[in-house]
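Encoded as structure tokens, the structure appears first; notes follow it.
The values are calculated or read from the model by the stated rules, or taken from the named source; none is laboratory data. All values reported here derive from a predicted model rather than from experimental measurement. Neighbour counts run over all protein chains shown; Cβ positions are idealised from the backbone, glycine included.
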Amino acid sequence: MFEGLCFAAATALLAALGGLIASLVIGGWPALRKFGFGFLTNATWNPVTDVYGAAGPIVGTLITAALALLLALPIAGGVAFFLTELCPAVLRRPIGTAVELLAGIPSIVYGMWGLFVFAPIFAKYVQLPLMTAAKPGSLLDTLTTGIPNGSGILPASIILAIMILPFMAATLRELLASVPPGVRESAYGLGATTAEVVMSVTLPYVRTGAIGAVMLGLGRALGETMAVTFIIGNSHAFPKSLFDSGSTIASTIANEFTEATSPVHTAALIALGLVLFLITFTVLGLARLMLRLQEARS
Amino acid sequence: MSSAKLVRRRVGDVAFKVFCVAVTALALVALAAILWSLLSQGLKGLNLDLFIKSTPAPGSPGGLANAIVGSIMMCVLAMVLALVIGVLAGTWLAEYGGRSAYGSVVRFLNDVLLSAPSILVGLFVYEMLVAPFHGFSGFAGSVALALLAVPVITRTTEDVLLLQASTLREAGVALGAPLSYVISQVLWRSARSGLLTGALLAFARISGETAPLLFTALNNQFFSLDLRGETANLPVVIFNFALSVDDGWRRLAWTGALLIAATVLTVTVVARIVAQEQRRS
């Protein structure tokens with residue numbers, strides 16, 4: 001009886017995931033049937049003519065997540081190495097806690113901070129100087145065209161990077177702490193410097209798990225909603241530069257779902273959700289698999 | 001070894017250390033900057049009216065009472081739902097079927113759900129509980145929040161139960177108690193503080209969630225205790241007010257953000273303290 005109850009609860013979890021997939025497929029079906037494969041490749045998103053192509057939000061999601069990962073990865077690594085190898089024991093706990101608090105701050109607070117505090121500073125000290133420094137026609141010029149108002153693809157990526165950083169740092173730190181002390185000590189005993197111990201011994205030792213940690217961060221960046229909605233500028237067109245406004249799948253759904261103008265519009269938004277589901281669950285599934293493999297090894 | 005190579009290694013090592021310290025400092029500066037903005041912008045609006053008046057029309061004074069009460073009601077209901085399902089599911093994984101193939105599938109998908117985009121949960125609940133009944137409701141919001149809390153609780157429940165000594169189970173069963181009795185009366189009790197940590201972490205996770213509430217609970221301008229209708233809640237009010245042009249609304253949004261962040265951070269710190277207490281005992 002009690003066992004049955006527990007089993008039912010575990011099965012309810014599976015049912016919830018199944019229901020999630022089913023509801024996205026059923027809800028998005030009208031749009032997928034109407035636009036077919038073009039839904040993924042067409043960049044026109046127009047509620048007035050009821051034509052929906054998701055290429056803009058999809059590309060926006062992939063670009064912001066990739067940029068966020070690129071920015072957060074070295075920082076998360078640095079924080080994890082600092083906490084495991086360099087930090088004085090007294091400071092280890094307070095700094096570790098502080099980094100974890102960064103993970104606890106709600107997404108919407110990041111959004112407000114990004115829009116009202118970060119964006120003006122970014123516009124004044126990064127966007128304007130870069131845009132004036134860029135020679136017309138150069139690569140820098142192409143990358144930095146846009147309105148210097150502090151919102152757009154790159155600012156959204158930076159905020160995302162701050163948000164995923166603590167998750168990646170915490171997972172990496174746990175992984176590094178799981179390296180047997182003997183391995184680390186023998187490397188130091190051979191005369192290796194701290195940098196060499198980390199880069200050639202402990203990090204390779206947890207390689208699989210580290211890739212998993214990075215993908216976990218990527219998964220979060222892909223599905224993050226509120227913070228991005230505040231600062232990405234919300235335009236459905238293909239982003240043309242780093243400072244151009246864009247949109248992600250999640251921000252499009254958040255902005256338009258309650259104001260959808262027609263059944264096809266709603267269906268298109270749910271179909272977008274399905275696309276996001278497929279992308280994130282592939283990434284997160286692989287991430288968990290990698291971490292599992294690492295756990296089995298050590 | 002040539003001294004040039006030695007110098008290069010030393011320099012590389014120093015550069016590595018400087019980099020690690022610098023990026024850690026950068027992360028701490030980001031945290032400090034966010035907290036500073038919250039305090040400097042949010043404290044201005046912190047007064048008694050905030051807790052006793054409802055959200056105002058643009059340009060007039062008011063508070064966040066309806067949103068605070070709505071958020072508390074939805075979070076409490078969500079936590080009750082999530083605790084029942086999460087603790088039972090975690091118990092099944094730890095004590096009954098965790099080693100079966102089905103058990104590892106459940107564990108794997110639970111881990112994936114743990115970091116799934118919350119906005120998808122909102123869409124799911126909209127399709128299940130809002131569209132069929134033609135109306136947004138606080139109940140739908142609670143269910144969405146519960147779905148986000150369950151994976152956290154399942155995970156921590158399994159982890160803390162596996163930490164309990166197997167002699168505890170054996171002793172109970174040897175005395176003739178059925179396993180279900182041993183689990184509910186012995187194991188759950190000895191794992192109490194671990195379960196509490198899980199619940200606190202889950203609460204911290206859901207109390208700031210905005211995306212899943214946008215199209216489940218929606219919002220309500222007025223004070224209401226009825227979860228059957230649209231329910232005001234802090235995150236959605238903050239979202240709407242922050243993006244408005246009204247100064248009073250923006251001030252309320254900052255103060256609301258301060259309230260939420262303070263709640264989440266306090267709960268996170270308490271969860272850590274509880275976890276440490278448990279490790280010590």
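Here are a few things to note about the model shown:
- Hits in the stretch A:256-298 (condition: at the interface with another protein chain (Cβ under 9 Å from one of its Cβ atoms) and either more than 21 Å from A:I26 (Cβ to Cβ) or not in a helix (DSSP H, G or I) (or both)): A:L284, A:G285, A:A287, A:R288, A:L289, A:L291, A:R292
- Cβ-Cβ under 7 Å pairs, at least 6 apart or on other chains, the stretch A:1-18 side at positive phi and facing chain B (nearest Cβ under 7 Å), far side basic (K, R) and outside any helix (DSSP H, G or I): none
- Just one residue in the set B:V245, B:V267 is under 30 Å from B:M128 (Cβ atoms), β-branched (V, I, T) and surrounded by fewer than 20 Cβ atoms within 10 Å (Cβ to Cβ); that residue is B:V267.
- Among the residues of the stretch A:180-191, those identified as outside any helix (DSSP H, G or I) and either at pLDDT below 90 or not hydrophobic (A, V, I, L, M, F, W, C) (or both) are A:P180, A:G191.
- Qualifying residue in the stretch A:49-56 (condition: surrounded by 14 or more Cβ atoms within 10 Å (Cβ to Cβ), part of a helix (DSSP H, G or I), touching a His at 6+ places or on another chain (Cβ under 6 Å) and of a type outside the set (K, R)): yes
- Taken over the stretch A:74-95, the criterion of being surrounded by fewer than 20 Cβ atoms within 10 Å (Cβ to Cβ) and either more than 9 Å from chain B (Cβ to nearest Cβ) or assigned to a helix (DSSP H, G or I) (or both) is satisfied by A:P74, A:E85, A:L86, A:P88, A:A89, A:V90, A:L91, A:R92, A:R93, A:P94, A:I95.
- Across the stretch B:128-146, the number of residues qualifying as touching a Leu at 6+ places or on another chain (Cβ under 8 Å) and either within 7 Å of chain A (Cβ to nearest Cβ) or not aliphatic (A, V, I, L, M) (or both) comes to 6.
- Residue list for the stretch B:237-281, filter: under 20 Å from B:D49 (Cα atoms), of a type in the set (F, W, Y) and within 12 Å of chain A (Cβ to nearest Cβ): B:F241, B:W254
- Subset of the stretch A:19-40 (residues that are at the interface with another protein chain (Cβ under 7 Å from one of its Cβ atoms) and over 30 Å from B:L93 (Cα atoms)): A:G27
- Set side by side, the residues B:V186, B:V125, B:V152, B:V160 differ, and just one is at the interface with chain A (Cβ under 10 Å from one of its Cβ atoms), of a type in the set (A, V, I, L, M, F, W, C) and touching a helix residue (DSSP H, G or I) at 6+ places or on another chain (Cβ under 6 Å), which is B:V125.
For every residue, the table says whether it meets (1) surrounded by fewer than 21 Cβ atoms within 10 Å (Cβ to Cβ); (2) farther than 20 Å from B:E209 by Cα; (3) in contact (Cβ under 8 Å) with a residue 12 or more places away in the chain.
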residue	(1), (2), (3)
B:G97	yes, yes, no
B:A101	yes, yes, no
B:V105	yes, yes, no
B:N110	no, no, yes
B:L113	no, no, yes
B:L120	no, no, no
B:F133	yes, yes, no
B:V143	no, no, yes
B:T154	no, no, yes
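- Only helices (runs of 4 or more DSSP H) whose full extent lies in the stretch B:1-115 are considered here, and the ones with at least 3 residues that are under 23 Å from B:G248 (Cβ atoms) and more than 9 Å from chain A (Cβ to nearest Cβ) are B:3-42, B:48-52, B:65-91.
- Qualifying positions in the stretch A:33-85 - of a type in the set (G, A, S) and under 30 Å from B:C20 (Cα atoms): A:A65, A:A66, A:A68, A:A72, A:A76, A:G77, A:G78, A:A80
- Test: A:T229 is at the interface with chain B (Cβ under 9 Å from one of its Cβ atoms) and either modelled with pLDDT under 90 or over 30 Å from B:R205 (Cβ atoms) (or both): no
- Flag if B:L225 is surrounded by fewer than 24 Cβ atoms within 10 Å (Cβ to Cβ), within 9 Å of chain A (Cβ to nearest Cβ) and at pLDDT below 95: no
- Selected residue (criterion: surrounded by the fewest Cβ atoms within 10 Å (Cβ to Cβ)) from residues of the stretch A:130-179 that are assigned to a loop (DSSP other than H, G, I, E, B) and free of Cβ contacts under 8 Å to residues at least 24 places away in the same chain: A:P136
- Filter pass, A:V109 being in a helix (DSSP H, G or I), over 29 Å from B:F16 (Cβ atoms) and within 8 Å of another protein chain (Cβ to nearest Cβ): yes
- Selection from the stretch B:1-29 of residues that are crowded, with 18+ Cβ neighbours inside 10 Å and among the hydrophobic types (A, V, I, L, M, F, W, C): B:F16, B:C20, B:V23, B:A27
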